[in-house]
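A short write-up of the structure that comes next.
The values are calculated or read from the model by the stated rules, or taken from the named source; none is laboratory data. All values reported here derive from a predicted model rather than from experimental measurement. Quick reminder, even Gly has a Cβ in these numbers, built from the backbone with ideal geometry, and neighbours come from all protein chains shown.
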Amino acid sequence: MMDFEQNNKPETVMDNAIPQPILKESVKKKIWPVIGIVLLIAASFGAGWKTGNKGYTFEPKTFKVINQSEMPQTVDYQLLWDAIDTVSSKYIDQPIDQQKVLYGAVSGAIAAIGDPYTEFFEPKDLQSFRTDLQGSFDGIGAEISKKNGQIVVVAPLEGTPAQRAGLMAQDAILEVDGQSTANWTTDEAVDHIRGKRGTQVILTIFREGKTEPFKVTITRDKIEVKSVKVVYKEVNGKNIAVMTISKFGDDTEPLFNSYVNEILNRKVDGLVLDLRNNPGGYLQTAVDLASNWVQEGQVVVTEARSDGDIQKYKANGNTRLSGIKTVILINGGSASAAEILSGALHDHGIAELIGEKSFGKGSVQELVELRDGAAVKVTVAKWITPNGKNLNKDGLNPDVEVKLTEDDFNNNRDPQMDKALEEIMK
(Lines give C-alpha, C1' and ligand atoms only; values in the text may rest on other atoms or scores of the structure.)
Protein backbone atom coordinates (compact mmCIF):
# COMPACT_ATOMS: atom_id res chain seq x y z
CA MET A 1 0.00 0.00 0.00
CA MET A 2 0.98 3.56 -0.31
CA ASP A 3 0.02 6.26 2.08
CA PHE A 4 -0.74 9.26 0.04
CA GLU A 5 -1.79 12.56 1.04
CA GLN A 6 -3.45 12.61 -2.13
CA ASN A 7 -3.90 14.63 -3.27
CA ASN A 8 -5.74 13.63 -6.13
CA LYS A 9 -4.37 12.57 -9.23
CA PRO A 10 -2.55 13.91 -12.11
CA GLU A 11 -4.07 13.30 -15.53
CA THR A 12 -1.36 12.79 -14.18
CA VAL A 13 -4.36 13.74 -12.73
CA MET A 14 -1.72 15.06 -14.48
CA ASP A 15 -4.84 15.38 -15.78
CA ASN A 16 -2.43 11.44 -9.71
CA ALA A 17 -3.18 15.86 -8.48
CA ILE A 18 -4.47 15.99 -5.99
CA PRO A 19 -3.63 17.80 -5.54
CA GLN A 20 -1.96 14.60 -5.62
CA PRO A 21 -2.19 12.15 -2.82
CA ILE A 22 0.36 12.62 -0.21
CA LEU A 23 1.76 9.30 -0.38
CA LYS A 24 3.23 7.58 2.52
CA GLU A 25 5.48 5.19 0.72
CA SER A 26 4.76 1.57 1.28
CA VAL A 27 3.89 -0.67 -1.52
CA LYS A 28 3.81 -3.38 1.05
CA LYS A 29 0.78 -2.54 2.96
CA LYS A 30 0.88 0.51 4.95
CA ILE A 31 -2.29 2.28 5.10
CA TRP A 32 -4.03 4.55 2.93
CA PRO A 33 -7.07 5.73 4.67
CA VAL A 34 -9.48 2.93 4.32
CA ILE A 35 -12.79 2.46 5.96
CA GLY A 36 -13.91 -0.71 7.62
CA ILE A 37 -17.30 -0.73 6.01
CA VAL A 38 -15.69 -0.68 2.59
CA LEU A 39 -13.46 -3.59 3.44
CA LEU A 40 -16.41 -5.53 4.79
CA ILE A 41 -18.37 -4.94 1.63
CA ALA A 42 -15.46 -5.92 -0.57
CA ALA A 43 -14.76 -9.05 1.45
CA SER A 44 -18.38 -10.09 1.49
CA PHE A 45 -18.62 -9.67 -2.26
CA GLY A 46 -15.76 -12.10 -2.66
CA ALA A 47 -17.00 -14.65 -0.15
CA GLY A 48 -20.76 -14.49 -0.32
CA TRP A 49 -21.67 -14.90 -3.97
CA LYS A 50 -22.86 -18.27 -5.15
CA THR A 51 -24.56 -19.44 -8.30
CA GLY A 52 -28.32 -19.85 -8.09
CA ASN A 53 -31.22 -20.50 -10.41
CA LYS A 54 -31.82 -16.80 -10.84
CA GLY A 55 -28.27 -15.78 -11.54
CA TYR A 56 -26.69 -14.79 -8.24
CA THR A 57 -27.90 -14.96 -4.69
CA PHE A 58 -26.26 -14.03 -1.45
CA GLU A 59 -26.13 -15.94 1.79
CA PRO A 60 -27.46 -13.47 4.38
CA LYS A 61 -24.87 -11.88 6.61
CA THR A 62 -25.16 -9.07 9.11
CA PHE A 63 -22.24 -6.83 9.97
CA LYS A 64 -21.78 -4.33 12.75
CA VAL A 65 -20.49 -0.90 11.86
CA ILE A 66 -19.08 1.01 14.80
CA ASN A 67 -19.50 4.74 15.06
CA GLN A 68 -17.05 6.06 17.63
CA SER A 69 -19.36 8.88 18.64
CA GLU A 70 -22.47 6.75 19.06
CA MET A 71 -23.58 3.34 20.24
CA PRO A 72 -22.87 0.50 17.77
CA GLN A 73 -25.51 0.11 15.08
CA THR A 74 -26.48 -3.03 13.21
CA VAL A 75 -26.46 -2.73 9.43
CA ASP A 76 -28.08 -5.51 7.42
CA TYR A 77 -26.34 -5.79 4.06
CA GLN A 78 -29.00 -8.23 2.88
CA LEU A 79 -30.71 -5.16 1.38
CA LEU A 80 -27.78 -4.76 -0.99
CA TRP A 81 -27.82 -8.38 -2.06
CA ASP A 82 -31.62 -8.40 -2.42
CA ALA A 83 -31.42 -5.39 -4.74
CA ILE A 84 -28.66 -6.92 -6.85
CA ASP A 85 -30.41 -10.30 -7.02
CA THR A 86 -33.70 -8.66 -8.03
CA VAL A 87 -32.13 -6.66 -10.83
CA SER A 88 -30.02 -9.61 -11.97
CA SER A 89 -33.05 -11.85 -12.32
CA LYS A 90 -35.64 -9.37 -13.62
CA TYR A 91 -33.80 -6.80 -15.77
CA ILE A 92 -35.05 -6.91 -19.35
CA ASP A 93 -31.72 -6.81 -21.16
CA GLN A 94 -29.95 -9.98 -20.08
CA PRO A 95 -27.31 -11.00 -19.37
CA ILE A 96 -26.14 -8.39 -16.91
CA ASP A 97 -22.41 -7.81 -16.56
CA GLN A 98 -22.01 -8.96 -12.96
CA GLN A 99 -18.46 -7.64 -12.77
CA LYS A 100 -19.72 -4.13 -13.52
CA VAL A 101 -22.46 -4.58 -10.94
CA LEU A 102 -19.89 -5.59 -8.35
CA TYR A 103 -17.56 -2.69 -9.08
CA GLY A 104 -20.49 -0.28 -9.22
CA ALA A 105 -21.80 -1.42 -5.84
CA VAL A 106 -18.42 -1.04 -4.15
CA SER A 107 -17.77 2.30 -5.84
CA GLY A 108 -21.18 3.61 -4.84
CA ALA A 109 -20.76 2.52 -1.24
CA ILE A 110 -17.47 4.35 -0.98
CA ALA A 111 -18.72 7.44 -2.80
CA ALA A 112 -21.56 7.64 -0.26
CA ILE A 113 -19.01 8.54 2.40
CA GLY A 114 -18.81 11.95 0.75
CA ASP A 115 -15.02 12.33 0.75
CA PRO A 116 -13.59 13.14 -2.71
CA TYR A 117 -10.25 11.60 -1.72
CA THR A 118 -11.72 8.27 -0.63
CA GLU A 119 -12.43 6.15 -3.69
CA PHE A 120 -12.51 2.70 -5.24
CA PHE A 121 -10.17 1.72 -8.07
CA GLU A 122 -11.02 -0.98 -10.57
CA PRO A 123 -7.89 -2.85 -11.69
CA LYS A 124 -7.46 -0.71 -14.82
CA ASP A 125 -7.91 2.48 -12.81
CA LEU A 126 -5.40 1.34 -10.21
CA GLN A 127 -2.78 0.83 -12.89
CA SER A 128 -3.47 4.31 -14.22
CA PHE A 129 -3.25 5.76 -10.73
CA ARG A 130 0.12 4.16 -10.14
CA THR A 131 1.59 5.82 -13.20
CA ASP A 132 0.72 9.25 -11.87
CA LEU A 133 3.92 9.78 -9.91
CA GLN A 134 6.20 8.05 -12.37
CA GLY A 135 6.43 11.00 -14.72
CA SER A 136 5.54 9.55 -18.12
CA PHE A 137 2.12 9.29 -19.77
CA ASP A 138 0.10 10.61 -22.68
CA GLY A 139 -2.21 13.47 -21.81
CA ILE A 140 -2.34 17.24 -21.40
CA GLY A 141 -0.16 17.62 -18.32
CA ALA A 142 -2.54 19.06 -15.75
CA GLU A 143 -3.09 17.95 -12.19
CA ILE A 144 -6.79 17.83 -11.38
CA SER A 145 -8.90 17.14 -8.34
CA LYS A 146 -12.46 17.39 -7.12
CA LYS A 147 -13.17 20.40 -4.93
CA ASN A 148 -16.57 21.59 -3.73
CA GLY A 149 -18.21 19.12 -6.09
CA GLN A 150 -16.36 20.34 -9.18
CA ILE A 151 -13.46 18.98 -11.20
CA VAL A 152 -10.78 21.65 -10.91
CA VAL A 153 -7.27 22.19 -12.19
CA VAL A 154 -4.84 21.94 -9.31
CA ALA A 155 -1.73 22.52 -11.36
CA PRO A 156 -0.82 22.78 -15.04
CA LEU A 157 2.64 21.26 -15.31
CA GLU A 158 5.39 23.37 -16.78
CA GLY A 159 6.14 22.87 -20.45
CA THR A 160 3.04 20.76 -21.09
CA PRO A 161 0.08 21.23 -23.47
CA ALA A 162 -2.08 22.30 -20.52
CA GLN A 163 0.27 25.15 -19.64
CA ARG A 164 0.70 26.22 -23.26
CA ALA A 165 -3.09 26.30 -23.64
CA GLY A 166 -3.33 28.72 -20.71
CA LEU A 167 -4.98 26.51 -18.08
CA MET A 168 -4.58 27.94 -14.59
CA ALA A 169 -4.78 26.59 -11.05
CA GLN A 170 -8.37 26.56 -9.75
CA ASP A 171 -9.92 26.54 -13.24
CA ALA A 172 -13.14 24.51 -13.04
CA ILE A 173 -13.56 21.93 -15.82
CA LEU A 174 -17.28 21.91 -16.60
CA GLU A 175 -17.20 19.68 -19.68
CA VAL A 176 -14.80 17.36 -21.49
CA ASP A 177 -15.59 16.98 -25.19
CA GLY A 178 -19.11 18.22 -24.53
CA GLN A 179 -19.79 15.81 -21.66
CA SER A 180 -20.66 17.33 -18.30
CA THR A 181 -18.28 16.57 -15.44
CA ALA A 182 -20.94 17.32 -12.82
CA ASN A 183 -21.20 13.78 -11.47
CA TRP A 184 -17.75 12.52 -12.37
CA THR A 185 -15.13 11.29 -9.98
CA THR A 186 -11.58 12.50 -10.44
CA ASP A 187 -10.69 9.18 -12.05
CA GLU A 188 -13.52 9.47 -14.55
CA ALA A 189 -12.32 12.94 -15.48
CA VAL A 190 -8.79 11.64 -15.92
CA ASP A 191 -10.01 8.80 -18.15
CA HIS A 192 -11.75 11.30 -20.44
CA ILE A 193 -8.96 13.88 -20.49
CA ARG A 194 -6.10 11.48 -21.10
CA GLY A 195 -5.61 9.97 -24.52
CA LYS A 196 -3.10 9.15 -27.20
CA ARG A 197 -0.61 11.82 -28.12
CA GLY A 198 -1.63 13.81 -31.17
CA THR A 199 -5.35 13.60 -30.40
CA GLN A 200 -7.33 16.57 -29.15
CA VAL A 201 -9.58 17.18 -26.18
CA ILE A 202 -11.93 20.13 -25.75
CA LEU A 203 -12.38 21.41 -22.19
CA THR A 204 -15.11 23.82 -21.12
CA ILE A 205 -13.58 25.99 -18.41
CA PHE A 206 -15.02 28.36 -15.85
CA ARG A 207 -12.48 30.74 -14.34
CA GLU A 208 -13.05 33.01 -11.36
CA GLY A 209 -13.36 36.58 -12.58
CA LYS A 210 -14.87 35.54 -15.90
CA THR A 211 -18.59 35.95 -16.52
CA GLU A 212 -18.98 33.03 -18.91
CA PRO A 213 -17.40 29.60 -19.40
CA PHE A 214 -15.05 29.23 -22.36
CA LYS A 215 -13.67 26.33 -24.39
CA VAL A 216 -10.03 25.32 -24.68
CA THR A 217 -8.82 22.83 -27.30
CA ILE A 218 -5.67 20.98 -26.26
CA THR A 219 -3.59 18.52 -28.29
CA ARG A 220 -2.39 15.66 -26.13
CA ASP A 221 1.28 14.76 -26.00
CA LYS A 222 3.68 12.54 -24.10
CA ILE A 223 4.15 14.08 -20.69
CA GLU A 224 7.58 13.55 -19.23
CA VAL A 225 8.54 16.11 -16.66
CA LYS A 226 11.44 16.05 -14.22
CA SER A 227 10.12 17.08 -10.85
CA VAL A 228 13.02 19.37 -9.88
CA LYS A 229 14.92 22.02 -11.77
CA VAL A 230 17.21 24.88 -10.77
CA VAL A 231 18.14 28.12 -12.51
CA TYR A 232 20.49 30.81 -11.25
CA LYS A 233 19.78 34.54 -11.31
CA GLU A 234 22.19 37.41 -10.83
CA VAL A 235 20.42 40.08 -8.76
CA ASN A 236 22.31 43.23 -7.75
CA GLY A 237 25.58 41.35 -7.83
CA LYS A 238 24.28 38.42 -5.79
CA ASN A 239 23.83 34.85 -7.01
CA ILE A 240 20.34 33.51 -6.29
CA ALA A 241 19.26 29.92 -6.92
CA VAL A 242 15.65 29.35 -7.95
CA MET A 243 14.60 25.75 -7.33
CA THR A 244 11.26 24.65 -8.77
CA ILE A 245 9.72 21.41 -7.49
CA SER A 246 6.69 20.39 -9.55
CA LYS A 247 5.71 17.33 -7.48
CA PHE A 248 7.08 14.95 -4.85
CA GLY A 249 7.53 11.86 -6.98
CA ASP A 250 9.93 9.01 -7.61
CA ASP A 251 12.72 11.19 -8.98
CA THR A 252 12.34 14.16 -6.63
CA GLU A 253 14.75 13.30 -3.83
CA PRO A 254 17.70 12.20 -6.01
CA LEU A 255 17.30 15.26 -8.23
CA PHE A 256 16.97 17.52 -5.19
CA ASN A 257 20.11 16.11 -3.58
CA SER A 258 22.07 16.55 -6.79
CA TYR A 259 20.99 20.17 -7.09
CA VAL A 260 21.77 20.86 -3.43
CA ASN A 261 25.34 19.74 -4.05
CA GLU A 262 25.50 22.10 -7.02
CA ILE A 263 24.00 24.98 -5.02
CA LEU A 264 26.50 24.52 -2.21
CA ASN A 265 29.40 24.38 -4.65
CA ARG A 266 28.24 27.63 -6.23
CA LYS A 267 28.05 29.32 -2.81
CA VAL A 268 24.78 31.06 -3.61
CA ASP A 269 23.57 34.06 -1.61
CA GLY A 270 19.95 32.96 -1.42
CA LEU A 271 17.40 30.35 -2.51
CA VAL A 272 13.89 30.77 -3.85
CA LEU A 273 11.95 27.52 -3.45
CA ASP A 274 9.12 27.60 -5.98
CA LEU A 275 6.31 25.24 -4.95
CA ARG A 276 3.57 26.90 -6.96
CA ASN A 277 1.27 24.44 -8.71
CA ASN A 278 2.93 21.54 -6.89
CA PRO A 279 0.10 19.09 -6.15
CA GLY A 280 2.04 16.97 -3.65
CA GLY A 281 3.20 13.37 -3.60
CA TYR A 282 5.21 11.25 -1.19
CA LEU A 283 5.12 12.24 2.46
CA GLN A 284 8.56 10.87 3.28
CA THR A 285 10.07 12.87 0.44
CA ALA A 286 8.60 16.06 1.90
CA VAL A 287 10.04 15.17 5.32
CA ASP A 288 13.46 14.34 3.88
CA LEU A 289 13.59 17.57 1.89
CA ALA A 290 12.52 19.62 4.92
CA SER A 291 15.41 18.05 6.83
CA ASN A 292 17.80 20.06 4.65
CA TRP A 293 16.66 23.14 6.61
CA VAL A 294 14.95 21.93 9.80
CA GLN A 295 17.16 20.91 12.73
CA GLU A 296 17.36 17.23 13.64
CA GLY A 297 14.58 16.08 15.94
CA GLN A 298 12.29 19.03 15.23
CA VAL A 299 8.79 18.21 14.01
CA VAL A 300 8.14 18.59 10.29
CA VAL A 301 4.48 17.55 10.39
CA THR A 302 2.07 15.76 12.72
CA GLU A 303 -0.31 13.07 11.50
CA ALA A 304 -3.59 12.92 13.44
CA ARG A 305 -5.74 9.84 12.86
CA SER A 306 -9.43 9.31 13.56
CA ASP A 307 -8.68 6.82 16.35
CA GLY A 308 -6.79 9.50 18.24
CA ASP A 309 -3.36 8.16 17.30
CA ILE A 310 -0.79 10.91 16.79
CA GLN A 311 2.43 10.44 14.86
CA LYS A 312 5.09 13.12 14.58
CA TYR A 313 7.45 13.12 11.61
CA LYS A 314 10.76 14.69 12.58
CA ALA A 315 13.71 16.06 10.65
CA ASN A 316 16.59 13.65 10.17
CA GLY A 317 19.25 16.28 10.68
CA ASN A 318 21.34 16.87 7.57
CA THR A 319 20.44 20.63 7.45
CA ARG A 320 22.68 21.26 4.45
CA LEU A 321 20.74 24.36 3.43
CA SER A 322 20.22 25.86 6.88
CA GLY A 323 22.77 28.61 6.25
CA ILE A 324 21.17 29.85 3.03
CA LYS A 325 18.41 32.45 3.21
CA THR A 326 15.29 30.88 1.72
CA VAL A 327 11.87 32.14 0.64
CA ILE A 328 9.04 29.95 -0.65
CA LEU A 329 6.54 30.66 -3.40
CA ILE A 330 3.06 29.13 -3.04
CA ASN A 331 -0.31 29.53 -4.72
CA GLY A 332 -3.69 27.85 -5.03
CA GLY A 333 -2.05 24.90 -6.77
CA SER A 334 0.34 24.16 -3.89
CA ALA A 335 -1.09 21.16 -2.08
CA SER A 336 -0.42 18.15 0.07
CA ALA A 337 3.32 17.46 0.43
CA ALA A 338 4.06 20.95 -0.91
CA GLU A 339 2.06 22.39 1.98
CA ILE A 340 3.86 20.14 4.47
CA LEU A 341 7.28 21.36 3.33
CA SER A 342 6.15 24.99 3.20
CA GLY A 343 4.43 24.78 6.59
CA ALA A 344 7.45 23.22 8.27
CA LEU A 345 9.94 25.81 7.01
CA HIS A 346 7.53 28.63 7.78
CA ASP A 347 6.61 27.50 11.30
CA HIS A 348 10.25 26.99 12.27
CA GLY A 349 11.04 30.54 11.17
CA ILE A 350 13.23 29.41 8.31
CA ALA A 351 11.36 30.72 5.27
CA GLU A 352 8.83 33.39 4.42
CA LEU A 353 5.85 32.41 2.25
CA ILE A 354 5.10 34.60 -0.76
CA GLY A 355 2.28 34.40 -3.29
CA GLU A 356 -1.29 33.23 -2.73
CA LYS A 357 -3.13 30.95 -0.31
CA SER A 358 -2.38 27.26 -0.81
CA PHE A 359 -4.90 24.63 -1.89
CA GLY A 360 -5.66 23.15 1.54
CA LYS A 361 -5.08 19.44 0.93
CA GLY A 362 -3.95 18.13 4.27
CA SER A 363 -5.41 14.66 4.50
CA VAL A 364 -3.73 11.27 4.23
CA GLN A 365 -4.97 8.55 1.94
CA GLU A 366 -4.09 4.91 2.37
CA LEU A 367 -4.17 2.62 -0.63
CA VAL A 368 -5.31 -0.90 0.22
CA GLU A 369 -5.20 -3.58 -2.43
CA LEU A 370 -8.21 -5.89 -2.66
CA ARG A 371 -8.83 -9.09 -4.57
CA ASP A 372 -8.57 -9.25 -8.40
CA GLY A 373 -6.31 -6.20 -8.65
CA ALA A 374 -8.79 -3.64 -7.36
CA ALA A 375 -8.04 -1.26 -4.50
CA VAL A 376 -9.52 1.27 -2.12
CA LYS A 377 -7.97 4.63 -1.34
CA VAL A 378 -9.20 5.90 2.00
CA THR A 379 -8.63 9.06 3.98
CA VAL A 380 -7.14 7.98 7.30
CA ALA A 381 -5.57 11.06 8.82
CA LYS A 382 -5.02 14.81 8.70
CA TRP A 383 -1.82 16.80 8.65
CA ILE A 384 -1.00 19.43 11.25
CA THR A 385 1.92 21.87 10.86
CA PRO A 386 4.45 22.33 13.71
CA ASN A 387 2.49 25.37 14.95
CA GLY A 388 -0.82 23.50 14.93
CA LYS A 389 -2.39 24.63 11.65
CA ASN A 390 -4.81 22.11 10.14
CA LEU A 391 -3.71 22.01 6.52
CA ASN A 392 -6.87 20.27 5.33
CA LYS A 393 -9.09 22.91 6.88
CA ASP A 394 -7.06 26.08 6.54
CA GLY A 395 -4.36 25.73 3.92
CA LEU A 396 -1.44 28.15 4.21
CA ASN A 397 -1.69 31.91 3.97
CA PRO A 398 1.34 33.72 2.53
CA ASP A 399 3.26 36.19 4.66
CA VAL A 400 3.37 38.45 1.62
CA GLU A 401 0.38 38.14 -0.69
CA VAL A 402 1.05 38.75 -4.36
CA LYS A 403 -1.54 37.94 -7.02
CA LEU A 404 -0.68 36.57 -10.43
CA THR A 405 -3.33 37.85 -12.82
CA GLU A 406 -4.36 36.48 -16.17
CA ASP A 407 -2.87 39.59 -17.74
CA ASP A 408 0.44 38.80 -16.02
CA PHE A 409 0.23 35.26 -17.31
CA ASN A 410 -0.55 36.31 -20.87
CA ASN A 411 2.33 38.79 -20.88
CA ASN A 412 4.90 36.50 -19.25
CA ARG A 413 5.12 38.62 -16.12
CA ASP A 414 5.75 37.01 -12.75
CA PRO A 415 5.24 39.54 -9.94
CA GLN A 416 5.36 36.72 -7.39
CA MET A 417 8.86 35.71 -8.42
CA ASP A 418 9.85 39.38 -8.57
CA LYS A 419 8.68 39.83 -4.98
CA ALA A 420 10.50 36.67 -3.85
CA LEU A 421 13.77 37.96 -5.31
CA GLU A 422 13.16 41.33 -3.71
CA GLU A 423 12.54 39.77 -0.29
CA ILE A 424 15.57 37.52 -0.45
CA MET A 425 17.81 40.53 -1.10
CA LYS A 426 16.75 42.25 2.12
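For the reader, a short list of remarks on this structure follows.
- Restricting the stretch 89-129 to residues that are assigned to a helix (DSSP H, G or I) and more than 19 Å from Asp372 (Cβ to Cβ), the residue that is nearest to the chain's Cα centre (by Cα): Ala111
- Residues satisfying the stated conditions in the stretch 239-254, i.e. buried (at least 18 other Cβ atoms within 10 Å of the Cβ) and more than 11 Å from Thr285 (Cα to Cα): Ile240, Ala241, Val242, Met243, Thr244, Ile245, Ser246
- Residues of the stretch 400-420 that are within 17 Å of Ile330 (Cβ to Cβ) and acidic (Asp, Glu): Glu401, Asp408, Asp414, Asp418.
- Residue selected from the stretch 201-228 under the condition under 16 Å from Glu143 (Cβ atoms) and assigned to a loop (DSSP other than H, G, I, E, B), by the criterion modelled with the highest pLDDT: Arg220
- Count - residues of the stretch 338-369 that are at pLDDT 95 or above and of a type outside the set (Asp, Glu): 17
Yes or no, residue by residue, for (1) out of contact with any helix residue (DSSP H, G or I) (no Cβ under 6 Å at 6 or more places or on another chain); (2) in the same structural domain as Ile173 (by TED's automatic domain parsing):
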{"site": "Asp187", "(1), (2)": "no, yes"}
{"site": "Ile193", "(1), (2)": "yes, yes"}
{"site": "Gln200", "(1), (2)": "yes, yes"}
{"site": "Arg207", "(1), (2)": "yes, yes"}
{"site": "Thr211", "(1), (2)": "yes, yes"}
{"site": "Arg220", "(1), (2)": "yes, yes"}
{"site": "Glu234", "(1), (2)": "yes, no"}
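- Per-region count, the stretch 193-205, residues over 11 Å from Val176 (Cβ atoms) and surrounded by 16 or more Cβ atoms within 10 Å (Cβ to Cβ): 0
- Positions within the stretch 93-136 being on the phi < 0 side of the Ramachandran plot, at pLDDT 90 or above and among the small types (Gly, Ala, Ser), in sequence order: Gly104, Ala105, Ser107, Gly108, Ala109, Ala111, Ala112
- Taking the stretch 99-129 as the range and being polar (S, T, N, Q) and crowded, with 19+ Cβ neighbours inside 10 Å as the test, the residues that pass are Ser107, Thr118, Ser128.
- Single residue of Asn261, Asn257, Asn265, Asn239 found to be in contact with a Lys or Arg (Cβ under 7 Å, 6 or more places away or on another chain) and either assigned to a strand (DSSP E or B) or modelled with pLDDT of 95 or more (or both): Asn239
- Scope the stretch 242-254; condition farther than 13 Å from Asp274 by Cβ and touching a Lys or Arg at 6+ places or on another chain (Cβ under 7 Å); matching residues: Asp251
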